[in-house]
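The values are calculated or read from the model by the stated rules, or taken from the named source; none is laboratory data. From a predicted model like this one, the values you see are computed outputs, not experimental measurements. Methodologically, a virtual Cβ is constructed for each residue, glycine included, from the backbone with ideal geometry; neighbour enumeration extends over all protein chains shown. In case anyone asks, the SASA skips ligands and DNA or RNA and just uses the protein heavy atoms, side chains included. Shrake-Rupley method; radii C 1.70, N 1.55, O 1.52, S 1.80 Å.
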Amino acid sequence: MLSSISLRHMRVFVAVADHGTFTAAAEVLGLTPSGLTATIRQFEDVAGTPLFDRTTRQVTLSATGARFLPTARRLISEFEEALGDLDALSKGIGGTIRIAAAPSVLTRILPGVISRFVDEHPDARLRLDELNAGEVHEAVARNEADFGIAGEWHALPDIAFSPLFSDRFGVLCRPTHAFAKRSAIAWSELADQAFVGLGPESGTRAMMAAQGSFAGDAGGAGGAGGAAYAGVDPAEVAASPAVKRAAALGLPEAQMALRRANASERAIERVAKAALAKRAEDAKNGGRAADGSGSTMIDPIAQLRPIVETSNTITLAAMVAEGVGITVLPELAARVADLAAPGKLAFVPLCEPVRKRPIGIITRQSRSLSPIARIFLAMVIEQAPKMDLPAAIEWG
């Protein structure tokens, strides 16, 4: 029975995979070669499949063994970490806290909290993973993080999102750019600008679009663009690692979602091109639509097609500082970007409409936090609003 497989089997399996021979693995583990061989055979008998391909010269992982190896490593790591946490908790001295968070949270909010936390809990250990919003939610769902702090994402089973703060979107540009002298910029003014941006995996574009589109007539270019971006950016779906993995495994629902997302993305591109053509035509008519009814309102987000895309905010800041183009970022992320190019960037809020990025705490509903993780999270909630952060951040 599979239930007879123990941690000992896992350790032996990983050791053979790492060292390439039964003899070397046995020496590292302090076992006899015959004892180690018997353990592997027992493992394979219970699993019902070979884990290694053996020749007279070498031992290599079978296809099944290669697929199972990452799982075995994770199980061993989690077991050892759990024992360490149990020992620390039994002594009242701490444990390990695994936190997945957005780059701006890790850079601007957590360091100040951690500084105080480690002073009060010197035996606690923290693991910080910088991930985008979708990855943070998935990490918590897979139990790879105790909790996360990032933007809201598409709903996942058993995941709870508790709002912490929100910050407004704005333009990041060079101080010499005409926008830098403004107190606010309308979204519609971005259409003719050279634009660089974060890729769809970042979540930023979906957050901007989900908070309301610029409505035109239902059948017009603006209406089509708004509908395509109503709450879920199809590019986000198409780029989602989770959807791609599920589709590759042959899940019909994931394959259908991927096909629809790709089709929607192509439709949005067509709408954006049509909207730009319509705007040019209206401009020729003195700012009025060709039928004389006045200019059609279009969703400017649908027009933001970056000439450069990146997954890294610091790289994005470098592109803006060099004059490649302007970009749109939430204010806290823009302040982080400014650290990479001090004095070379300016942030100006966007309006008409004002759009904000919600940041919150992501947890699993079915799993309670460890005592030490609860202490740290409480400290985040207490200390973060007292930090020297952009004034436009709204807490709660």
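Things worth noting here:
- So PHE147, is it closer than 24 Å to LEU86 by Cβ and in contact with a helix residue (DSSP H, G or I) (Cβ under 8 Å, 6 or more places away or on another chain): yes
- Every condition in (1) open to solvent by less than 50 Å² (accessible area, probe 1.4 Å); (2) outside any loop (DSSP other than H, G, I, E, B) is met by ALA378 except one, and the failing one is (1).
- Some residue of segment 183-201 being surrounded by fewer than 22 Cβ atoms within 10 Å (Cβ to Cβ) and closer than 22 Å to ARG374 by Cβ: no
For every residue, the table says whether it meets (1) among the charged types (D, E, K, R); (2) open to solvent by less than 20 Å² (accessible area, probe 1.4 Å); (3) touching a Phe, Trp or Tyr at 6+ places or on another chain (Cβ under 7 Å).
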position	(1), (2), (3)
SER34	no, no, no
ARG67	yes, no, no
ALA101	no, yes, no
ILE109	no, yes, no
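- Residue in segment 18-27 that is surrounded by 12 or more Cβ atoms within 10 Å (Cβ to Cβ) and under 30 Å from ILE372 (Cα atoms) present: no
- Of the listed requirements (1) farther than 20 Å from PHE376 by Cα; (2) under 17 Å from the mean Cα position of the chain (by Cα), PRO103 misses just one: (1).
- Qualifying position, being touching a Gly at 6+ places or on another chain (Cβ under 8 Å), in a loop (DSSP other than H, G, I, E, B) and either on the phi < 0 side of the Ramachandran plot or aromatic (Phe, Trp, Tyr) (or both), among PRO353, PRO358: PRO353
- Listed by position, the helices (runs of 4 or more DSSP H) enclosed by segment 35-148 that each have at least 3 residues that are under 30 Å from GLY20 (Cβ atoms) are 63-90.
- Subset of segment 33-76 (residues that are touching a Leu at 6+ places or on another chain (Cβ under 7 Å) and over 15 Å from MET10 (Cβ atoms)): SER62
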